[in-house]
Amino acid sequence: MPSSASYIPKEFKWNKSNIEWLKSYLAQKTPLLNQISSGIGIDIHNLNLLRFNELCELLDKSADGRELRSRLFRAWRSKKSRDSDNGKKLYTFNLDIKAGTQLKKLAKNRTINSTLEDLIFGTYQSDEIKRAQAKQLKAEQKEIERQEETRKEVEDETAKNYDVKELAAQEKSELIRTILKLHKQLKDYEKQLPSNK
């Protein structure tokens with residue numbers, strides 16, 4: 001006999017929301033449950049994990065019970081799938097074979113759903129357009145890099161010119177100071193010489 005935990009599908013979490021769904025589903029199957037349980041009756045409203053496993057063991061004993069359990073778990077998987085669709089709805093419609101073939105070509109490595117949504121919202125881009133955009137972006141990036149390189153060269157050249165002017169300005173002022181110092185020394189020297197008058 002399988003262990004009690006083996007009856008619950010892996011993706012079924014035993015929480016309030018899921019238990020309410022389970023009770024609602026089983027309530028719709030009450031006549032079949034009564035038939036399978038030979039009129040014993042199953043208290044669906046007080047369902048807990050232990051009682052659910054007991055119910056599954058009971059269902060496992062007959063072909064109708066196993067079928068009901070299979071339908072229950074299929075319904076659960078469908079509900080889980082619908083819940084995870086995040087605002088999406090299933091549509092079923094006929095499409096011309098040629099249109100379907102063209103849609104598959106457009107989709108290539110993407111899903112048909114996302115390709116259809118992109119076509120409807122006007123956001124679809126073919127691989128050719130994507131390649132052209134990538135090429136343009138690459139060219140723009142190269143142009144930006146070239147402009148940056150030119151700007152840096154101009155800055156470097158400007159910095160060199162500034163350094164030379166600054167250096168020349170410093171040497172000129174020092175030269176003037178030296179000349180003034182020498183001029184003063186010369187005057188002092190002249191004062192010390194005896195006059196030839």
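We did not get these values from a lab; they are worked out from the coordinates using the rules stated. Here the structure is a predicted model, which means the values were calculated and not measured. Here the Cβ is made from the backbone with ideal geometry for all residues, glycine too, and neighbour counts use every protein chain on show.
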- Message: If I stretch the segment between Asp64 and Glu166 completely, what's the gain in nm (0.36 nm per residue apart, minus their alpha carbon distance), one decimal?
- Response: 26.7 nm
- C-alpha long axis of helix 49-59 to longest principal axis of the chain, angle in °: 50
- With r as the distance between the Cβ atoms of Leu106 and Val154 and R0 = 45 Å, compute the FRET efficiency 1/(1 + (r/R0)^6) and round to 0.05. 0.40
- Message: Can you divide the C-alpha Rg of region 87-128 by 2.2 N^0.38 Å and report the result to two decimal places?
- Response: 1.19
- Note on the structure: So the angle from the long Cα axis of helix 16-28 to the longest Cα principal axis of the chain, reported in degrees to the nearest 10, equals 30
- Query: Relative to the compact globular guide of 2.2 N^0.38 Å, what is the alpha carbon radius of gyration of region 4-83, as a ratio?
  - Reply: 1.02
- Task: Run the numbers on the chain and let me know its relative contact order in percent, using alpha-carbon pairs under 8 Å that are six or more apart.
- Result: 11
- For the chain: span of alpha carbons on each principal axis (Å, largest first): 153, 51, 27
- Per-residue ellipticity at 222 nm attributable to helices in the chain (runs of n ≥ 4 DSSP H, -39500 (n - 2.57) apiece, nearest 500 deg cm²/dmol) works out to -24500 deg cm²/dmol
- Roughly how big is the chain's charge dipole about its Cα centre, with Cβ charges of +1 (Lys, Arg) and -1 (Asp, Glu), in debye to the nearest 20? 340
- Task: Run the numbers on region 4-83 and let me know its relative contact order in percent, using alpha-carbon pairs under 8 Å that are six or more apart.
- Result: 31
- If we count every other residue with Cβ under 12 angstrom of Ser70's Cβ, Lys/Arg +1 and Asp/Glu -1, where does the sum land? +2
- Message: Compute a Gaussian network model of the chain, connecting alpha carbons closer than 10 Å, and tell me which residue from Arg71, Arg177, Arg82 fluctuates the most.
- Response: Arg177
- Quote to one decimal, in nm, the extra length available between His45 and Lys138 on full extension: 0.36 nm per residue of separation minus the C-alpha distance between them. 27.0 nm
- Note on the structure: Stretched fully, the stretch from Ile176 through Glu54 gains (0.36 nm per residue minus C-alpha distance, one decimal, in nm) 33.0 nm
- Message: For a quick check: sort Leu55, Leu49, Leu137 by the number of other beta carbons within 10 angstrom, fewest at the front.
- Response: Leu137, Leu49, Leu55
- Item | Positive-pole candidate from Tyr189, Ser70, Thr115, dipole of the chain, charges at beta carbon | Ser70
- Query: For Leu95 and Asp118, FRET efficiency with R0 = 22 Å and r from the beta-carbon atoms, rounded to 0.05?
  - Reply: 0.85
